[in-house]
């Protein structure tokens, strides 16, 4: 099936893309929603603007779609933008990286149904620890680019996900009650390399801390050839 991937550049959307390809699907296009307001209910806002580089590293086409960031309105705006893309690229399915958020799933299913295509969500229902294990075992290089949960301080901004940090995240999630995989927006991630990236993503960013939450403000990004 030819799929249009709703791609944030994070661990979940990257994993869903790889799993869809392994299942025999073709990725026709990556689309990243670019909210104009930081408090979007539906879409990532941190480090948006590097996803075209990630797509280039994977040899895939990419488009940004600007949306207002206003609740519900932004979903309709995305639908309006996707109609022509679905037709022009012969898309048969909409790929998402959702794990457990019913709010997001319901709206992506509405999008898919309204566009007349199927919703494909390979990661849906996976346990948080299973997701984290997959990311590590598949050799992803991932950094945390935003945090918004008790127990996650500014020291987590820019921290990479490795076995030590993942175990620490697991312990903190149990102590403070947030989703281990960050599905509730407790933290956001950016994939800077995988074994199937042709080049590695390099970012320059500065931390912004707002007292109880924070994010990385992107300054510059580029692709760097991998050492052979």
Selection status of residue 135, in a helix (DSSP H, G or I) and touching a residue at least 60 places away in the same chain (Cβ under 8 Å) = yes
note = Taking region 137-152 and keeping residues touching a strand residue (DSSP E or B) at 6+ places or on another chain (Cβ under 9 Å) and loosely packed, with under 14 Cβ neighbours inside 10 Å leaves 139
inquiry  = Looking only at region 66-85, how many residues end up being over 19 Å from the mean Cα position of the chain (by Cα), farther than 14 Å from residue 39 by Cα and outside any helix (DSSP H, G or I)?
reply    = 0
note = In region 47-65, anything part of a loop (DSSP other than H, G, I, E, B) and in contact with a helix residue (DSSP H, G or I) (Cβ under 7 Å, 6 or more places away or on another chain) is listed as 61
query = From the set of residues in region 8-37 that are without any contact (Cβ under 8 Å) to a residue 60 or more places away in the chain and in a loop (DSSP other than H, G, I, E, B), which is nearest to residue 184 (Cα to Cα)?
reply = 37
request  = Take region 13-40 and flag every residue that is surrounded by fewer than 17 Cβ atoms within 10 Å (Cβ to Cβ), farther than 18 Å from residue 95 by Cβ and out of contact with any strand residue (DSSP E or B) (no Cβ under 7 Å at 6 or more places or on another chain).
outcome  = 37, 38, 39
request  = Please verify whether region 156-175 includes one or more residues that are in a strand (DSSP E or B) and either in contact with a helix residue (DSSP H, G or I) (Cβ under 7 Å, 6 or more places away or on another chain) or outside the structural domain of residue 7 (by TED's automatic domain parsing) (or both).
outcome  = yes
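The values are calculated or read from the model by the stated rules, or taken from the named source; none is laboratory data. These figures come from a predicted structure and were not determined experimentally. Backbone-built Cβ (ideal geometry, glycine too); neighbour counts: all protein chains shown.
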